[in-house]
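Engineer: Sharing a structure, written as structure tokens. Questions coming.
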Amino acid sequence: MAEKKYVIFTDIKEFTYKNGLLTNQQIEKMLWVFDSIVSLWAWKYDISIVKSMWDAYLCLADDALSAYDFTKYILAETQKYDDKEKIEIKRIALRASITYWEVAKNKAMNLDDYFGDSINLASRIITITPKWKIFCTQEVKESLKTTIYSQDIGEHSFHGVLLKTQLYSLVKIWNEEEFDINVDKRTLLEECDVIVFRSACVSAILSSQPVPFIENFNIIGIHLYMTVKLSQKMERGITLRSSWKIIKEVVSPVWIGYFSLHGSNTLAKIILPWIGWYLFSPLSFGVTYAMWKVYTAYLFHSIAWESLDNSQIKNIFLKQRQTGKNLAKKEKRNILKTGKNFYKDVLWIKKESGYSDVQKDLLKMLRNKEK
């Protein structure tokens, strides 16, 4: 039986990217704080928590004011937590959406779950909601007291929704935020992830060529490229010559895993000349992907004048190496296509003066066990 409910959808902005740049302990701390806040205020305002998906909650309310008060207070409490965190990727950066219409319980599969257009719409609205904001539909806005602040942010189209939806923000939207809502724009975390993914694709292609030894220098070139490009993206002013020193700091805690990449690749091609290169390419992708997820985290910490310790570097590297290997197995065609498209762009670093000297420095550092 369908009932009319106020649907509240909350999530941690860019959680997927944050999960790749933090250790398991840091993620668990963030989720524990988030869960504690949501559970406390849900109990106070008689809100039903229908589903928890790590970084997101689907909740139902019978009353518009209760739905608003609940989202207002969990937003305020999580923002207090965020204010104590200097590093952006450690912040919850909560956002919420509220819709209103009929929802029904899923009886066909005997699941304790709900479905309905209002739930689908809430999940789509939240994708354009900035951090620390609450977006709602016109029905919700009209149900709330006139004394509650609301800002008209216009009509918006969503995939899977036939008609445009009139939206309101229950928190003040500034001009630059309103511009971002209406423009398909990548965030800094997304842009960094694109650089890492494309470079890892090129690394996989280079490692898969069947001749031993040749790829080693080029793969180091890819790592130099990512150091420079990610640093430029975050306006850190890193030069080619100084990049190897940063690589040394980031790679040193995981030098065995990093350096074994080069030796294992060569050994596989010698022992298994026909299929060794094919078997090894997912590992090459995974190691490159993981190493520069670590470097992205390193940069975000350095912006706040903090640093990753060796145990954090190792934890992020191991977690993301496995993620990268799994991604390589699932996205083989996409990786090959992307690698071919960006092969020349990624290897532009070879043309820079001093490139050979930097390679020699890096190889010497990687072979030296006394860091």
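The values are calculated or read from the model by the stated rules, or taken from the named source; none is laboratory data. Predicted model, so just to flag it, every value in this text is computed and none were measured. Methodologically, a virtual Cβ is constructed for each residue, glycine included, from the backbone with ideal geometry; neighbour enumeration extends over all protein chains shown.
Engineer: Give the residue that is surrounded by the most Cβ atoms within 10 Å (Cβ to Cβ), with candidates limited to residues of the stretch 6-44 that are within 22 Å of W292 (Cβ to Cβ) and in contact with a Leu (Cβ under 7 Å, 6 or more places away or on another chain).
Structural biologist: Checked the stretch 6-44; the qualifying residue surrounded by the most Cβ atoms within 10 Å (Cβ to Cβ) is E14.
Engineer: Hey, does the stretch 54-75 have a residue that's touching a residue at least 12 places away in the same chain (Cβ under 8 Å), under 20 Å from the mean Cα position of the chain (by Cα) and farther than 16 Å from F15 by Cβ?
Structural biologist: Scanning the stretch 54-75, I find no residue that is touching a residue at least 12 places away in the same chain (Cβ under 8 Å), under 20 Å from the mean Cα position of the chain (by Cα) and farther than 16 Å from F15 by Cβ, so the answer is no.
Engineer: A follow-up question, please. Please indicate, with yes or no, whether at least one residue in the stretch 24-32 is out of contact with any strand residue (DSSP E or B) (no Cβ under 8 Å at 6 or more places or on another chain), in the same structural domain as E139 (by TED's automatic domain parsing), in contact (Cβ under 8 Å) with a residue 24 or more places away in the chain and aromatic (F, W, Y).
Structural biologist: no
Engineer: Separate question: Give the residues of the stretch 112-152 that are touching a helix residue (DSSP H, G or I) at 6+ places or on another chain (Cβ under 6 Å) and either part of a loop (DSSP other than H, G, I, E, B) or modelled with pLDDT under 90 (or both), sorted by residue number.
Structural biologist: Result: I128, P130, W132, L144, S150.
Engineer: Would you confirm whether or not the stretch 52-68 contains a residue that is surrounded by fewer than 22 Cβ atoms within 10 Å (Cβ to Cβ) and either β-branched (V, I, T) or in contact with a His (Cβ under 8 Å, 6 or more places away or on another chain) (or both)?
Structural biologist: Looking through the stretch 52-68, none of the residues is surrounded by fewer than 22 Cβ atoms within 10 Å (Cβ to Cβ) and either β-branched (V, I, T) or in contact with a His (Cβ under 8 Å, 6 or more places away or on another chain) (or both).
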